[in-house]
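The values are calculated or read from the model by the stated rules, or taken from the named source; none is laboratory data. Remember, predicted model here, so these are calculated numbers, not experimental data. Counting neighbours? That spans all protein chains shown, and the Cβs are built from the backbone with ideal geometry, glycine included. Areas reflect the complete protein model, heavy atoms only, side chains present, ligands, DNA and RNA absent. Shrake-Rupley method; radii C 1.70, N 1.55, O 1.52, S 1.80 Å.
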Amino acid sequence: MDEDIKAPKISVLLPVYNGGEYLQTAIDSILNQTFSDFEFIIINDASTDDSEKVILSNTDSRIVYIKNEQNLGLIKTLNKGLDLCKGEYIARMDQDDIANPTRFEKQNTVLDHNLEIGVCGTWFTFFGTRENTVVKHPEYHEQIKIATLGYCAIGHPTVMLRKTALQNLRYDEDYQAVEDYEFWSRLVRITQFYNIQESLLDYRFHDTNISVKENDRQIISVKRIIENQLNYLELDNNSDFIRYCEAIFQTYSRKLDPNDFIELVSFANKLESANQIKQFYDANLLKETIRKSLFALYDKIEKDDFRLILFLFKNKKDLLKGKSIKYNLKLMTKISLGKNKLQLVRKLFYKN
């Protein structure tokens with residue numbers, strides 16, 4: 001680029017591989033943004049369909065067309081694109097999604113007014129086979145950071161990145177289908193994250209989505225990402241620890257038997273202790289997140305057993321402090337009969 005030509009505020013990065021069917025709709029949603037100071041880098045990863053024809057039919061001067069002579073795959077293409085971006089901010093886009101017209105305007109405002117934020121995402125809405133399902137991710141950095149222990153808490157095609165925040169970090173080729181989640185799990189250690197609490201992208205869900213085609217590999221890779229985060233806390237971990245981390249921090253609650261719950265509580269205590277040393281997560285927020293999750297998981301235990309009852313009282317002796325003998329006998333009776341579990345758990349996990 002000529003030095004006299006001003007760099008665009010935003011670089012939009014759109015990798016394309018055999019995306020001709022929906023590509024023009026995606027391109028139009030970018031060209032029609034209310035914020036217009038951007039370059040639109042479209043990288044054709046050696047498509048064999050009519051993707052190139054679709055791209056070249058657009059005459060907008062903001063489009064920068066790059067063609068890979070050989071298919072590099074998504075991750076190499078993304079890293080190539082990051083190196084090509086000239087803008088202060090980098091906006092991601094996928095070949096089959098639709099950006100809300102005000103997306104760039106709103107994300108640009110967030111980044112301009114919050115210099116500590118390096119990654120700004122938004123909610124998004126599934127359409128296609130999952131009609132009108134809004135995916136809502138947590139808003140603030142500390143919430144996102146803790147959520148990342150269990151799942152990807154920021155939508156990849158929604159993000160706008162501060163280029164300087166990347167510090168030469170790139171996507172890891174060993175994490176195909178979850179390269180974004182792995183990338184965020186490292187990037188969250190060096191810059192602040194934020195999610196706009198509004199759906200600003202329509203995510204097209206269909207059978208050719210990578211998340212559908214690569215489901216088995218994705219499950220394995222997610223476990224590796226969680227393991228990496230536990231290693232970062234210097235917490236000696238094993239396959240059970242990864243499973244417990246998933247149970248606590250993923251967005252769904254699974255059924256547990258009493259023995260699983262006992263082990264889960266033990267893991268949660270180890271996790272909090274490791275964080276006290278590392279001081280990476282906000283301790284109070286981590287504790288509150290864990291307690292809420294344990295509360296929900298305990299409620300799904302179909303039947304208490306005597307071992308679980310003894311465990312709860314043995315490890316929470318202060319539950320009995322300041323209460324009358326009559327009160328404690330009444331509570332023990334209710335527990336033994338399997339009644340009023342929610343009241344018990346509130347006392348166990350929400351006490352001062």
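Laid out as a table, the results:
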item	result
Condition broken by R204, with the remaining ones in (1) outside any strand (DSSP E or B); (2) crowded, with 20+ Cβ neighbours inside 10 Å; (3) among the charged types (D, E, K, R) satisfied	(1)
Any hit, the stretch 10-25, residues being more than 20 Å from D202 (Cα to Cα) and in a loop (DSSP other than H, G, I, E, B)	no
Tally, over the stretch 248-267, of residues that are modelled with pLDDT of 90 or more and over 21 Å from R186 (Cα atoms)	1
Among (1) outside any loop (DSSP other than H, G, I, E, B); (2) open to solvent by less than 40 Å² (accessible area, probe 1.4 Å) - the single one D94 does not satisfy	(1)
Checklist (1) within 21 Å of V178 (Cβ to Cβ); (2) at pLDDT below 90; (3) not hydroxyl-bearing (S, T, Y) applied to D240, failing item	(1)
Residue that is surrounded by the most Cβ atoms within 10 Å (Cβ to Cβ) [pool: residues in the stretch 97-126 that are of a type in the set (D, E) and in contact with a helix residue (DSSP H, G or I) (Cβ under 9 Å, 6 or more places away or on another chain)]	D97
Residue in the stretch 154-167 that is among the hydroxyl-bearing types (S, T, Y) and part of a loop (DSSP other than H, G, I, E, B) present	no
Residue list for the stretch 9-45, restricted to those being of a type in the set (S, T, Y), out of contact with any Ser or Thr (no Cβ under 9 Å at 6 or more places or on another chain), surrounded by fewer than 22 Cβ atoms within 10 Å (Cβ to Cβ) and farther than 13 Å from D94 by Cβ	S36
Selection status of Q192, surrounded by fewer than 16 Cβ atoms within 10 Å (Cβ to Cβ), polar (S, T, N, Q) and modelled with pLDDT of 95 or more	no
Failed criterion for Q167 (all others in (1) surrounded by 21 or more Cβ atoms within 10 Å (Cβ to Cβ); (2) modelled with pLDDT under 95; (3) within 30 Å of E88 (Cα to Cα) hold)	(1)
Residue ID - nearest to A177 (Cα to Cα), chosen from residues in the stretch 46-73 that are of a type in the set (A, V, I, L, M, F, W, C), open to solvent by less than 60 Å² (accessible area, probe 1.4 Å) and in contact with a strand residue (DSSP E or B) (Cβ under 8 Å, 6 or more places away or on another chain)	A46
